[in-house]
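Student: For reference, the structure I am asking about is given below.
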Amino acid sequence: KINIRASYFRSINRPGFFEIVPYTIVNEDYVERGNPDLKHAVADNIDIRFERFPSPAGQLMVAVFYKHLQNPVEYILKPDSIRGQDIYYMPGNFGNAVNYGSEIDFIKYFNKIGIKINYTYTHSRITTTKSKRIRDENGDLKTIAVNQTRPLYGQSAHIGNVSVLYKDPKSKWDAQLALQYTGDRINSVSQFVGNDLWQKAFIQVDASLEKKFKNGLSIFAKSNNLLNSPMTVYFKN
């Protein structure tokens, strides 16, 4: 009923096909475009995990993990080098990143109704070169390059969810109502120090339902964001 696992694996994450197509979409505030020079990301993963199975459907899992990422793909807002008033929103590779943290996962059933709780903490860091506007000894504005350490694009420090489950093997009904919390995360990286756009933390509720039949067919339905949670983007500074 108890497992203790330690694992190492290397994986790659290729850019999406749309990301490497040299397209251009003119929006109101910026121009979105692809990047045919994108490199794929390489991740070295180390996990140590404790698992306990008190019942066939129940489990308790506690894990710690470490990930080293080479060339992760991030999205940046960047002024055009020739026409400074033009802003481009595009994917790119800006350095190597480190993610490490811990996770806990718990499932327990009371007859046909179960509860699932999951929480993950991730400490994410990447150091990239950014621009900073300063005044020189003559009082004139000039741009210098500085290094900034920040969380990885799209990575929340805190992610948690609570789900109510219904499972009836005899009638082959399976349902789930899930509430998920996603903490603040970078929505787009700025070329300038301290000017990244952040997405505010939000709560989302999803539901799913599945019915299986004796002939092997099944019907599945899913509905996302039942609370119509808004997406809020802001400057953290």
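Student: Got a sec to turn the phi values of the range 45-53 into Karplus ³J(HN,Hα) couplings, 6.51 cos²θ - 1.76 cosθ + 1.60 with θ = phi - 60°, whole Hz, x for Gly and Pro?
Tutor: Rounded to whole hertz, the list is 10, 10, 10, 10, 9, 10, 10, 9, 10.
Student: At q = 0.09, 0.10, 0.20 Å⁻¹, what is the log10 ratio I(q)/I(0) for the range 98-237, with the Debye formula run over Cα points and no solvent?
Tutor: Results for the range 98-237 at q = 0.09, 0.10, 0.20 Å⁻¹ read -0.47, -0.54, -1.17.
Student: Turning to a different aspect of this structure: Ignoring ligands, DNA and RNA, what accessible area per residue does the chain give at 1.4 Å, in Å²?
Tutor: Details: 15130 Å² over 237 residues.
So the chain comes to 64 Å² accessible per residue, rounded to a whole number.
Student: Next question. Counting only protein heavy atoms and a 1.4 Å probe, tell me what percentage of the chain's accessible area is made up of carbon and sulfur.
Tutor: On the way: 8420 of 15130 Å².
Here it works out to 56 percent.
Student: By the scheme Lys and Arg +1, Asp and Glu -1, what is the net charge of all other residues having a beta-carbon under 15 Å from that of K108?
Tutor: +3
Student: Taking the mean number of other Cβ atoms within 10 Å as a proxy for protection, how do you rank 172-184, 215-227, 151-163 from highest to lowest? Don't skip to the answer; put the middle values down first.
Tutor: Numbers: 172-184: 15.9, 215-227: 9.7, 151-163: 18.2.
The most tightly packed comes first, giving 151-163, 172-184, 215-227.
Student: List the lysines whose Cα sits under 16 Å from the Cα of K132, skipping any in the same chain fewer than 8 residues away.
Tutor: Filter leaves K78, K142.
Student: Where in the range 31-73 is the amide nitrogen less than 15 Å from a point lying 7 Å along the Cα-to-Cβ axis of S102?
Tutor: 48-51, 61-66
Student: Distance between the C-alpha centers of the range 130-161 and the range 173-232? Whole Å please.
Tutor: Each part's Cα centre sits 30 Å from the other's.
Student: Would you mind listing how long the chain runs along its three principal axes, going by Cα atoms, in whole Å with the largest first?
Tutor: Each principal axis gives a Cα extent; for the chain these are 79, 39, 32 Å.
Student: Here's something else I'd like to know. Which three numbers, in whole Å and largest first, are the semi-axes of the equivalent ellipsoid of the range 1-90 derived from its Cα gyration tensor as √(5λ)?
Tutor: 43, 15, 12
Student: In debye to the nearest 20, how big a dipole does the range 1-137 give about its Cα centre with +1 on each Lys and Arg Cβ and -1 on each Asp and Glu Cβ? Each step should come with its number before you reach the end.
Tutor: Working: 19 positive and 15 negative charges, 150 e Å.
Roughly 720 debye for the range 1-137.
The values are calculated or read from the model by the stated rules, or taken from the named source; none is laboratory data. Quick caveat, the model's predicted, so the values are computed rather than measured. Note that each Cβ is placed from the backbone with ideal geometry, even for glycine, and that neighbours are counted across all protein chains shown. All accessible areas refer to the heavy atoms of the entire protein, side chains included, with ligands and DNA or RNA removed. Shrake-Rupley method; radii C 1.70, N 1.55, O 1.52, S 1.80 Å.
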